[in-house]
Amino acid sequence: MTQPLGVILAGGLATRMGGGDKGLLSLGGQSLMVRVIDRLSPQVRQMALNANGDGARFDDFGLPVIPDSIEGFAGPLAGVLAGLDWAAEQGAEAIVTVAADTPFFPHDLVARLVAASDGQSHPLVLATTPKSGDEVLKSGGKGRVNRHPTFGLWPVALRDDLRAALTGGLRKVVLWTDQHGGREALFEAEPFDPFFNVNTPDDLARAEGLLQ
């Protein structure tokens, strides 16, 4: 498989942060978006930003801004579809998505997602981390990993299938990936989960501490 393209998902409503674009929040003197771009860019061939509304607010980042094609804030799968449509225009085979509010994701994310897809007719892999003991107890022992549905490898070949599923009302990422034999790539969660994301002001404070 040729090197995937990268798509940064920034289409959420950020309700727990009072609205606005979480990617524009400052962390250690840099925006979350800059940190995400710097971490993803060495891992992919090209990048785009999935966001809705006036794309001009992201002009400083120098990336193409692609809005959802499914109306009504249909969740991360709508951003994945937008990214797949953009990648199809570039002649690409697959994309890797990351979230704009997750500044510490692994430097080898793309390589490990691609490795996990070996042998698949359509590369489809989600990132996972092990659940802690407390999380396993709270889930009643169901599942030993946390799946991170905004961090995945997605095949351009299934974009029309995804479009049909979204049009039909599907919103849950793992329901769609499971239908198509999606795999998982396991990442360590020590000393902290690298897919920790900034949802609240307390999370932003914690992220400042993790930078240290």
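Could you tally the net charge around E71, taking each other residue with its Cβ under 14 Å from the Cβ of E71, Lys/Arg +1 and Asp/Glu -1? Local charge sum for E71: +1. With all protein chains in place and a 1.4 Å probe, the accessible surface of the stretch 62-210 carries 52 percent carbon and sulfur. What separates the Cα centres of the stretch 88-114 and the stretch 27-55 is a distance of 11 Å. Considering every alpha-carbon pair of the stretch 54-194, the percent of pairs per 10 Å bin, from zero through the bin containing the longest distance, is 11, 38, 36, 14, 2. The value of relative contact order for the chain, using C-alpha pairs under 8 Å at least six residues apart, is 25 percent. At a probe radius of 1.4 angstrom, the accessible area of the chain per residue rounds to 47 square angstrom.
The alpha carbon radius of gyration of the stretch 1-132, expressed as a multiple of 2.2 N^0.38 Å, is 1.04. Over the chain, dividing the summed -39,500 (n - 2.57) contributions of all DSSP H runs of at least 4 residues by the number of residues returns a 222 nm mean residue ellipticity of -8500 deg cm²/dmol.
The values are calculated or read from the model by the stated rules, or taken from the named source; none is laboratory data. Computed from a predicted model, the values in this text were never measured in an experiment. Positions of Cβ are backbone-derived with ideal geometry, glycine not excepted, and every protein chain shown enters the neighbour counts. Just the protein is used for accessible areas: all its heavy atoms, side chains included, with ligands, DNA and RNA removed. Shrake-Rupley method; radii C 1.70, N 1.55, O 1.52, S 1.80 Å.
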